[in-house]
There are 2 protein chains.
Amino acid sequence: MAVAELSPSFTKTHLHSSQLSFLSTRLASFRRCAFRPLPRARSATTISCSVAPNQVQAPVAVQAEDPKNKTECFGVFCLTYDLKAEEETKNWKKLINIAVSGAAGMISNHLLFKLASGEVFGPDQPIALKLLGSERSFQALEGVAMELEDSLFPLLREVSISIDPYEVFQDSEWALLIGAKPRGPGMERAGLLDLNGQIFAEQGKALNAVASRNVKVIVVGNPCNTNALICLKNAPNIPAKNFHALTRLDENRAKCQLALKAGVFYDQVSNMTIWGNHSTTQVPDFLNARINGLPVKEVIKDHKWLEEEFTEKVQKRGGVLIEKWGRSSAASTSVSIVDAIRSLVTPTPEGDWFSSGVYTNGNPYGIAEDIVFSMPCRSKGDGDYEFVKGVIFDDYLLKRITKTEAELLAEKRCVAHLTGEGIAFCDLPEDTMLPGEM
Amino acid sequence: MAVAELSPSFTKTHLHSSQLSFLSTRLASFRRCAFRPLPRARSATTISCSVAPNQVQAPVAVQAEDPKNKTECFGVFCLTYDLKAEEETKNWKKLINIAVSGAAGMISNHLLFKLASGEVFGPDQPIALKLLGSERSFQALEGVAMELEDSLFPLLREVSISIDPYEVFQDSEWALLIGAKPRGPGMERAGLLDLNGQIFAEQGKALNAVASRNVKVIVVGNPCNTNALICLKNAPNIPAKNFHALTRLDENRAKCQLALKAGVFYDQVSNMTIWGNHSTTQVPDFLNARINGLPVKEVIKDHKWLEEEFTEKVQKRGGVLIEKWGRSSAASTSVSIVDAIRSLVTPTPEGDWFSSGVYTNGNPYGIAEDIVFSMPCRSKGDGDYEFVKGVIFDDYLLKRITKTEAELLAEKRCVAHLTGEGIAFCDLPEDTMLPGEM
């Protein structure tokens, strides 16, 4: 089906979402790409495909049928076609929009290619990647989009780039918020909370305005728990439980360290919870974790190691990696983001669970409400999750959970001006950034 | 099954390959890892798992059953277990060894995680990664191995790192030769040929000595065609047709540019050949390529563009990317390496083909024998390939093929001292490095 068969209003770049939804029932996907200043006064943002203006080679088919598209839309991700008409693609699911911030950074440089390859959402799920960058990174974003073009991923049907979150988050079903400012020299955690909090407040507002009403948001940029809290507070029309702060890399590292100590392969470690904040107060839980189905403490008899060394090994892993490798752990971070997404879109194996930093309201563990806290979750594979029942606590675990909870409550007071809860009061007890965190 | 049940000779680190083969019929995989100077006098190399000595946590099971392993073998990739005993893994294929050179570089940083994830060799193929680096990059290699640990890939069963190709290539079924020296300021192509040729001569000798007799070798480090020729000439006991020079990124880029020009999605472009050298003399073949099953020239009527602009667009893509992105195209290069491997281990779709730089002996196209030249290939998915029959030529295509052939013959004369064919005579007509090539 060609665009020319649709009414002219459908050929405009800006479609109302109900129109889009209608359109998507007729066309399996509809390309929207432009390289021009947008009418919205708020910013001088551009949305574009990955080809610079001097490289434009107007699509022949579109040129013949819809001259209006010619000037606005170009590039290989900018074509109109009917997936339902092709044998190979007619049984594919409906295209989903995935927004990624910090898209020119190293974590994204791994993640985007994983998303596009189909290994995350499956071989019948076409995707659109919406890349959010900054003015400084805009050229790099074009480079990323060009590399995505050259990779010929069959499932990747649209790539657009922008510095405007209101454009990027339009109809997003996933928002992977990786971009955050790094801490400058001498900056305290409070300063970083404020600096990045402002970014996540704006992104929350943008998600609230334009994203899918059931968008799933994974916050990776640090400090990620409180960034996620700020983000969800600024998006009151999106369910708070849809927001996640990434603690999956911590979970993966904790599993690896337990495996190493026990002398088993890492696939034998299950039921690993990271409790609390993605900071040095995080609590990797060796009380509930299992090795070959047995409680960790029955397999690892060196309880002194568990209590005194294990947590530090997990936390310091990022710092050790920077020493060795000279840069942050972008590859394994992107693997853990993939793991976090997969845990939401595939059913959790019977008896197991995964960790995610989620909104605490309604949690059965007695954690303070109204913060984002990493806890054990299970999913039916529908994108949603539920809290795990039947976890156990002892004094050691409770004491540490209380400490990380106190830190998150302090961080919350520190960003009250960004969550709409009054005047900030910053009394963070100590600096608890993880070594090597970005 | 525990190692203790085997005869003591099997617990040594250095096993004869026939022993290994026998062992692999009993144990699904057998870990070999040590962190110590090797007895071989040739170098002071070490093979190790990814955990530094001060992090060693002796595997409990191994400690109990085989004290000898305790001192040599550690880390999560260094365990003895029986894949056949576990429900999840009992139907897996036999573990394969994959060697990667330049393993601390950016291309490898993408590629290794793709290999480990199972997306290349499939969900039932356990793999061992053997990482080859330099003394300078050894710490970075440890960092890479740590990130691989933290990624918890179920199929990744062994990681070892070394600066000695004789260690890394031992029993390799795949050798992905990515590492090469970049060209220094003012260095001519002839200088680069000599500098890198020496590396590939040594690696060829090492492959000849220790790799699987049916190892498949993909040379990525540039100048890759002549490096591949040097490598195969130094490995007389391995079939010459097992050596490939990577031209798949050129093929992918050519498909993308034709798609852009034709206004179709890139999955509609097929039968794309890159002929000749991975240099600016390469010939992206628009005579035989097809769009939606039709000859390109019937779809793209702008033949002037095809003859005068298309080839340059393909060749300059790497340079444009560097301008945009500030670094080489590591991500899309690694995707094209995956494509190249997949093309050998899955049957080529009916009527289509792929390009690879392969040994010319026996080619049906009249290309000079005894060089490595990119040509159209098909595979039954058994790791092997055959030349495609029925491609057509016209004067334009033949003229360009002759030019790239002349260049490769000149490069061959230039490295005669490295292929055992006498005294080098270097009369390269011009400098034809691709913009942006590493």
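Among the listed pairs B:Lys304/B:Lys324; B:Lys181/B:Lys216; A:Lys93/A:Lys255; A:Lys181/A:Lys313; B:Lys205/B:Lys389; A:Lys216/B:Lys90, those whose Cα-Cα separation exceeds 30 Å are A:Lys93/A:Lys255; B:Lys205/B:Lys389; A:Lys216/B:Lys90. Taking each residue as 0.36 nm, the span from B:Lys94 to B:Ala416 lengthens on full extension beyond its C-alpha to C-alpha distance by 112.0 nm.
Amide H to amide H distances under 5 Å link B:Ile161 with B:Ser48, B:Leu131, where only residues 5 or more positions off or on other chains count and H is placed in the peptide plane.
According to the square roots a ≥ b ≥ c of the eigenvalues of the Cα gyration tensor, what is the shape class of the range A:248-419, taking rounded for a/c under 1.5, prolate for a/b larger than b/c otherwise, and oblate for the remainder? Judged from the Cα gyration tensor, the range A:248-419 comes out rounded (a/c under 1.5).
Between identical copies, the spacing of A:Glu307 label points, each set 7 Å from Cα toward the C-beta atom, reads 8.4 nm from nearest to farthest.
Looking at the range B:338-398, the trypsin sites (Lys or Arg not before Pro) that sit in a DSSP loop and have at most 13 other Cβ atoms within 10 Å of their own Cβ are B:Lys380, B:Lys389. Converting phi to 3J(HN,Hα) with the Karplus coefficients 6.51, -1.76 and 1.60 and the offset θ = phi - 60°, the range A:157-167 yields 10, 8, 9, 9, 10, 6, 10, 10, x, 5, 6 Hz in sequence order, with x at every glycine or proline. Loop-located chymotrypsin sites (Phe, Trp or Tyr not before Pro) in the range A:346-438 (DSSP state other than H, G, I, E, B) with a sparse environment of at most 12 neighbouring Cβ atoms within 10 Å: A:Phe425.
For B:Leu294, inter-copy separations between label points set 7 Å beyond Cα along the Cβ vector come to 6.9 nm, shortest first.
Positive-end ranking of B:Leu155, B:Ala128, B:Gly118 along the dipole of the range B:101-175, with charges on Cβ about the Cα centre, is headed by B:Gly118. Each other copy places its own label point for B:Pro236 at 8.2 nm from this one, sorted shortest first, where the point lies 7 Å along the Cα-to-beta carbon line. Using θ = phi - 60° in the Karplus curve 6.51 cos²θ - 1.76 cosθ + 1.60, the 3J(HN,Hα) couplings for the range B:221-230 round to x, 8, x, 6, 4, 6, 4, 5, 4, 4 Hz; x is entered for Gly and Pro.
Note on B:Glu308 and B:Glu323: their simple-model spin labels are 2.0 nm apart, each label 7 Å out from Cα toward Cβ. Remark: the B:Met187-B:Asp394 segment gains 70.9 nm on full extension, using 0.36 nm per residue and subtracting the alpha carbon distance. Taking Lys and Arg as +1 and Asp and Glu as -1, the other residues whose beta-carbon sits under 12 Å from that of B:Arg400 total -4.
The residues neighbouring A:Asn109, those whose beta-carbon lies less than 10 Å from its own, together hold a net charge of 0 under the Lys/Arg +1, Asp/Glu -1 convention. Other residues whose C-beta falls under 10 angstrom from the C-beta of A:Ala259 contribute a net charge of 0, scoring Lys and Arg +1 and Asp and Glu -1.
Applying the Karplus relation 6.51 cos²θ - 1.76 cosθ + 1.60 with θ = phi - 60° to the range A:182-190 yields 3J(HN,Hα) values of x, 6, x, x, x, 6, 7, 4, 4 Hz, where x marks Gly and Pro. Taking amide H as placed 1.01 Å from N in the peptide plane, the amide H of A:Thr273 sits under 5 Å from that of A:Asp285, A:Ala289, each at least 5 places away or on another chain.
Residue-level result for chain A: its Cβ closest to the axis carrying A onto B, with that distance in Å, is A:Glu119, 3. Based on alpha-carbon centroids, what's the gap between the range B:160-232 and the range B:394-438 in Å, whole number please? The two parts, judged by their Cα centres, are 18 Å apart.
Loop-located GluC sites (Glu not before Pro) in the range A:116-162 (DSSP state not H, G, I, E or B) with no more than 15 neighbouring Cβ atoms inside 10 Å: A:Glu135.
None of the figures in this text is laboratory data; all of them are computed from the coordinates on show. Note that the structure is a prediction, hence the values are computed from the model and not measured. Because the Cβ atoms are built from the backbone with ideal geometry, glycine has one as well, and the counts that use them run over all protein chains shown.
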